[in-house]
1. Say we look at the range 103-115 and pick out the residues that are within 17 Å of ALA139 (Cα to Cα) and assigned to a helix (DSSP H, G or I); which of these is nearest to the chain's Cα centre (by Cα)?
2. Tally time: how many residues in the range 45-82 are closer than 19 Å to ASN165 by Cβ, small (Gly, Ala, Ser) and either out of contact with any Leu (no Cβ under 9 Å at 6 or more places or on another chain) or at pLDDT below 95 (or both)?
3. Of all residues in the range 303-320, count the ones that are under 13 Å from THR268 (Cα atoms) and either in contact (Cβ under 8 Å) with a residue 12 or more places away in the chain or in contact with a strand residue (DSSP E or B) (Cβ under 8 Å, 6 or more places away or on another chain) (or both).
4. So, in the range 145-162, of the ones that are part of a helix (DSSP H, G or I) and within 25 Å of the chain's Cα centre (by Cα), which residue ends up nearest to ALA71 (Cα to Cα)?
5. Any residue at all in the range 88-106 that's at pLDDT below 95 and either in contact with a His (Cβ under 9 Å, 6 or more places away or on another chain) or closer than 30 Å to THR211 by Cα (or both)?
6. Identify the single condition in (1) surrounded by 22 or more Cβ atoms within 10 Å (Cβ to Cβ); (2) within 27 Å of ASN49 (Cα to Cα) that TYR173 does not satisfy, given that it satisfies every other one.
7. Going by the structure shown, is LEU340 on the phi < 0 side of the Ramachandran plot and surrounded by 22 or more Cβ atoms within 10 Å (Cβ to Cβ)?
8. Looking at the range 319-358 only, could you name the residues that are touching a helix residue (DSSP H, G or I) at 6+ places or on another chain (Cβ under 7 Å), assigned to a loop (DSSP other than H, G, I, E, B) and within 22 Å of SER253 (Cβ to Cβ)?
Amino acid sequence: MKKSLLLSLACGAVLAIAGCSKSHNDDTQTNDATLEGKVIVDFANVLANPNYADLQAKASTLKDAVNTLVATPNAANLLAAQTAWKNTRVPWEQCEGFLFGPVEDFDYDPIMDTWPVDKNELDAILASSNPLGVSDVDALQQSQKGFHAIEYIIFGPGGTQKADNITAREKTYLTSLAQSLYNTTVQLKNSWDPSSGNFTKQVTSAGSGSTTFATRKDLFIALVGSMADICGEVSSSKMEVPFAAKDSTLDESSFSHNSVADFKNNITGILNAYMCTYNGAGGTGLNQLVASKNASLDAKLQSQMKAAIAAFSTITVTYERAIYEQPTQVKAVQASINTLQATLEGDLTNFVNTNIKD
């Protein structure tokens, strides 16, 4: 009896220990999944949807400013249209920090932002018999509409446009371009809107019913991949192509001299995506998930993102001049972005593959 009782107690202790161990693992996995889910939901609700809504709102202001300019062409209204164009670029360039989903699936990106545009090509459209209504503009090639066709008319080559010089034909083209751009921003916003296209559901249900992201890991890989991709686009394409060719007409926003701001906003979009912040609002970000398991990696990523953004301040002239006058600064900015890209493609991607367990 005594021996049996001791054996029973010993077995019970072993089972209790085993049970506690399993419970601890389950609790850890549950806590991880809870945090991952919060990051995903906040990414959609705190960042993506507000960013796209902001883009639509600013595109609406641009459309209205263009209509006012066309109705009353004067210097003040031209400046207002130019300012509205630059303001609309900010949310657009920042949302390129998470360029996946409908923006790619339905070609909203190239429809709005194919660059560089060819001045001679746009002049040929203006000289053609195309009626240039909104439907006509929608049917044009991607390089003949969107942000940069608008930019060409309201800024002119070298930013020299005067309100009095905008022709009737250019006004027709400009009005339709602005409306077409606005319409595309509406489509993009609606594609994520829970009451419309609801790509938000595909994101927030990742790993639990999403037909786009079978696992939470799939979503995080898409997010990190898009962050790394925009690094490569800024450094190796947007900056390098005109720099290597020593040809400022190849810059992204050469007419407005807005290229440096565009580049900087792209990298700011990466920081937004990592920290889950937009326009002063903040949520549970990927940074918190990383910090919970690897604080040094989180510190490294935040430092590299902020360093890449700050590096642009060393370019003190327009990018159209910098490719000739400040090559050392250009290369230093590229190096900073390349360092960030390597960490995103290496350390952060490895973190996701190792730690997201669903």
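The values are calculated or read from the model by the stated rules, or taken from the named source; none is laboratory data. In this text, all values refer to a predicted model and were calculated from it rather than measured experimentally. Here Cβ is always computed from backbone atoms with ideal geometry, including for glycine, and neighbour counts include all displayed protein chains.
1. Filtering the range 103-115 for residues within 17 Å of ALA139 (Cα to Cα) gives 106-114.
Those left that are additionally assigned to a helix (DSSP H, G or I): 108-113.
On the way: TYR108: 12, ASP109: 10, PRO110: 13, ILE111: 15, MET112: 13, ASP113: 12 Å.
Across the range 103-115, the extreme among qualifying residues is ASP109.
2. First, the residues of the range 45-82 that are closer than 19 Å to ASN165 by Cβ: 65-82.
Now restrict to residues that are small (Gly, Ala, Ser): 65, 71, 75-76, 80-81.
Filter again for either out of contact with any Leu (no Cβ under 9 Å at 6 or more places or on another chain) or at pLDDT below 95 (or both), leaving 65, 71, 75-76.
Residues that pass the stated criteria total 4.
3. Matching residues across the range 303-320 total 8.
4. The initial filter retains those residues of the range 145-162 that are part of a helix (DSSP H, G or I), namely 147-155, 157-159.
From what is left, the residues that are within 25 Å of the chain's Cα centre (by Cα) are 147-152, 154-155.
On the way: PHE147: 21, HIS148: 22, ALA149: 19, ILE150: 16, GLU151: 18, TYR152: 19, ILE154: 14, PHE155: 17 Å.
So, considering only residues that are part of a helix (DSSP H, G or I) and within 25 Å of the chain's Cα centre (by Cα), the one nearest to ALA71 (Cα to Cα) is ILE154.
5. The initial filter retains those residues of the range 88-106 that are at pLDDT below 95, namely none.
Among the residues of the range 88-106, not one is at pLDDT below 95 and either in contact with a His (Cβ under 9 Å, 6 or more places away or on another chain) or closer than 30 Å to THR211 by Cα (or both), which makes the answer no.
6. Going through the list (1) surrounded by 22 or more Cβ atoms within 10 Å (Cβ to Cβ); (2) within 27 Å of ASN49 (Cα to Cα), TYR173 breaks only (2).
7. Working: on the phi < 0 side of the Ramachandran plot: yes; surrounded by 22 or more Cβ atoms within 10 Å (Cβ to Cβ): yes.
Considered against the rule, which asks whether it is on the phi < 0 side of the Ramachandran plot and surrounded by 22 or more Cβ atoms within 10 Å (Cβ to Cβ), LEU340 comes out as yes.
8. Within the range 319-358, no residue meets the criteria.
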